[in-house]
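The values are calculated or read from the model by the stated rules, or taken from the named source; none is laboratory data. For clarity, every value in this text was computed on a predicted model and none was experimentally measured. Ideal geometry is used to build each Cβ from the backbone, glycine not excepted, and the neighbour counts take in all protein chains shown. Remember, those area values only see protein heavy atoms, side chains included, never the ligands or the DNA or RNA. Shrake-Rupley method; radii C 1.70, N 1.55, O 1.52, S 1.80 Å.
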Amino acid sequence: MPAEIPFEQFPGLGTDEYPGFPADGCPPLPDLSRHCSVCADVLKAHPEIYEQLKDSKTSKGVTLARCIKTGIDNKGHPALKSLGAVAGDAESYDIFAPLFDRLIESRHGKIPSESSKCGRRSLTTESAEPFGGYVISSKVSASRNLEEFPFPPAAARQDREEVEQIIVQSAAAMEGSLRGQYYPLAGSRSYPSKPGGMTMDEEKMLADDHLLFYHPDAPAVLSTGAGRHWPHGRGVFVNERRSLTLWINEEEHLKATSQQTGGNVQAAYVELTDVLAHVSSKLPTGFARSRRLGYLTSNPANLGTALRVSVIVKIPLLKHCKAELHEWCAARNLLEKGAISESGDRMAELVEVSNRDKLMISEEETVNQLVEGIAQLVRAERLMEQGIPVAEALARGPPPRGDLTPVDPETASWDAAGTT
C-alpha cells in the first residue's frame, strides 16, 4: 500500500476551504484593480452585477462567492488571463447568468441561442491517414457532470462518494471491449471493496501507462474547491485493453478518454460515445446539460460538446513553418502546438492538433473538422517532401467532403445519439 499523504493538512485538499475569499457568502467587493482575469474585468466594468447577485443562491446552495472565489484569491497575469470563475452546479449558469454569459462570450466569442445550428451529425468517411507513417496517435476526451449533484468545486464529501458509486456501478456493468477495472486513488476510504484505495503496484502501473491523475497543487485550482476531501470519492476506471479511461471526480464528475494508435479518430469517438451512452442510461436524470449551452461543466471554457479531439502527427517540414501552419490551422478552427510527451519532454518533428470550438458545434462536426484537417496536413507534408513550397502545399484543396446535409435547428443535438 502506498504511504498515505496527509492531504487533510494541505490547504484546499482537506475538509476546509482554501484560505482567502469566503465561499459561503459575499462580503463587500474587494479591490480588484490589480487583478487580471476575465471575471475581474467584468466585475470592475460592471460592479452592479456583484451587487445584483451577491445574495443569490442556487437550489443546491451554491453562492456567487463560491463561483468567483478563484478569481478573487488569485490576481492572475495579464499575459495569461484566466476566466477566474467556476460553476458550482448546473443551475449556476441560470442564477448567475449576468456574470457567466459575459465569461462565455469572452472565451467562446458568442452567446448561443436555443436555435443555434450545430453542423453535421454524421461522421466523415475520410481517413486522417491518406498516407501511412504520419499519424502517431488519436485521442478523444469528454467531460460530463451528473445533473442531480453539485459540481466538484461545490461538492460535499458525501456528494463525491455518491457520484463515485453511481459511475463505478455503471462502468462495472460494461462488457466486451469496454470491460475493465476500477482503481480508487491511493488512500481513498470511499470504495468499500478496496478500502485504502489502489495498491502501490497498481499506482505504478497506471502512472507508467500515463492513465493516472494527481491532486491539484496550483492555487487557482485549489481555490475553486475541486480538490477538497482528497483523495476520497476519486479514482480511475480502465478497460482491459487500455484504450479507455474514466477519471472520476477530478475537476468534473467524469472525464472519459478513448485513445488509439494511428489515425482512426472515428473509432476512438465511437468507443467514447458508447461509454457515455451506457453511463447516462444508468443515471436518474442524465448528464447536466441545457439546450442553450450544451453539456454543462464547472469550467465555462468547456461548455457545449465538452469534447477535446486531438491527433499527434509527424509533419517536420510543416512544423518548421510555424507562422504558415498556425495561420492555416486557425482558419479551420484548429489549435496546433509542439507535441509533448507524458513526461514533459518535447517530441521532435511531432505536432499535436486539436479542436478549438466546443460551443454551437456538434460532436460529429468537431471530429470531422479535425480528421479532414489532419488529412490535408499530411497531404501538404507529402507535397513539401517533393519540393512544393509550403504556401502551395497548404493551398491544395482537399477532396470533396462527405455529408453536407443541413441541420434542422429544431432537431439539432449536442451529441451523436441524442440520448445523453
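Annotations
- Considering the conditions (1) at pLDDT 95 or above; (2) crowded, with 20+ Cβ neighbours inside 10 Å, G14 is excluded by exactly one of them, (2).
- Among the conditions (1) surrounded by fewer than 19 Cβ atoms within 10 Å (Cβ to Cβ); (2) more than 19 Å from H253 (Cα to Cα), V135 misses just one, which is (1).
- Condition broken by S280, with the remaining ones in (1) surrounded by fewer than 18 Cβ atoms within 10 Å (Cβ to Cβ); (2) of a type in the set (S, T, Y); (3) in a helix (DSSP H, G or I) satisfied: (1)
- Selection count where residues are in contact with a Pro (Cβ under 8 Å, 6 or more places away or on another chain) and open to solvent by 50 Å² or more (accessible area, probe 1.4 Å), scope the range 157-197: 2
- Selection count, the range 46-58, where residues are touching a Leu at 6+ places or on another chain (Cβ under 6 Å) and either part of a helix (DSSP H, G or I) or crowded, with 21+ Cβ neighbours inside 10 Å (or both): 3
- Test: P112 is crowded, with 18+ Cβ neighbours inside 10 Å and assigned to a loop (DSSP other than H, G, I, E, B): yes
- Test: I361 is β-branched (V, I, T), farther than 28 Å from L212 by Cβ and over 17 Å from the mean Cα position of the chain (by Cα): no
- Filtering the range 240-257 to residues that are assigned to a strand (DSSP E or B) and either of a type in the set (A, V, I, L, M) or open to solvent by 40 Å² or more (accessible area, probe 1.4 Å) (or both) leaves L244, L246, W247, I248, L254, K255, A256.
- Filter result for the condition that a residue is surrounded by fewer than 20 Cβ atoms within 10 Å (Cβ to Cβ) and either at pLDDT 95 or above or closer than 26 Å to R292 by Cα (or both), over G71, G61, G84, G88: G61
- Residue in the range 299-314 that is within 30 Å of P153 (Cβ to Cβ), in a helix (DSSP H, G or I), open to solvent by 10 Å² or more (accessible area, probe 1.4 Å) and of a type in the set (G, A, S) present: yes
- Single residue of the range 343-373 satisfying the filter (assigned to a loop (DSSP other than H, G, I, E, B) and not aliphatic (A, V, I, L, M)) that is least open to solvent (accessible area, probe 1.4 Å): S362
Conditions (1) surrounded by 16 or more Cβ atoms within 10 Å (Cβ to Cβ); (2) at pLDDT 95 or above, marked per residue:
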| position | (1), (2) |
| --- | --- |
| E381 | yes, yes |
| A391 | no, yes |
| G397 | no, no |
| T405 | no, no |
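- Test: residue in the range 216-223 that is touching a residue at least 12 places away in the same chain (Cβ under 8 Å) and open to solvent by less than 10 Å² (accessible area, probe 1.4 Å): yes
- The lone criterion from (1) at pLDDT below 95; (2) open to solvent by less than 60 Å² (accessible area, probe 1.4 Å) left unmet by R107 is number (2).
- The condition (being of a type outside the set (G, A, S), more than 19 Å from P6 (Cα to Cα) and free of Cβ contacts under 8 Å to residues at least 40 places away in the same chain) is satisfied by just one residue among E240, E271, E202: E202.
- Look at the range 312-336: where a residue is free of Cβ contacts under 8 Å to residues at least 24 places away in the same chain and under 18 Å from V378 (Cβ atoms) and a partner is open to solvent by 80 Å² or more (accessible area, probe 1.4 Å) and of a type in the set (D, E, K, R), sitting 6+ places away or on another chain with Cβ atoms under 6 Å, you get L335/R356.
- Just one of the listed residues (P30, P22, P11, P98) is in a loop (DSSP other than H, G, I, E, B), in contact (Cβ under 8 Å) with a residue 12 or more places away in the chain and farther than 23 Å from P152 by Cβ, and it is P30.
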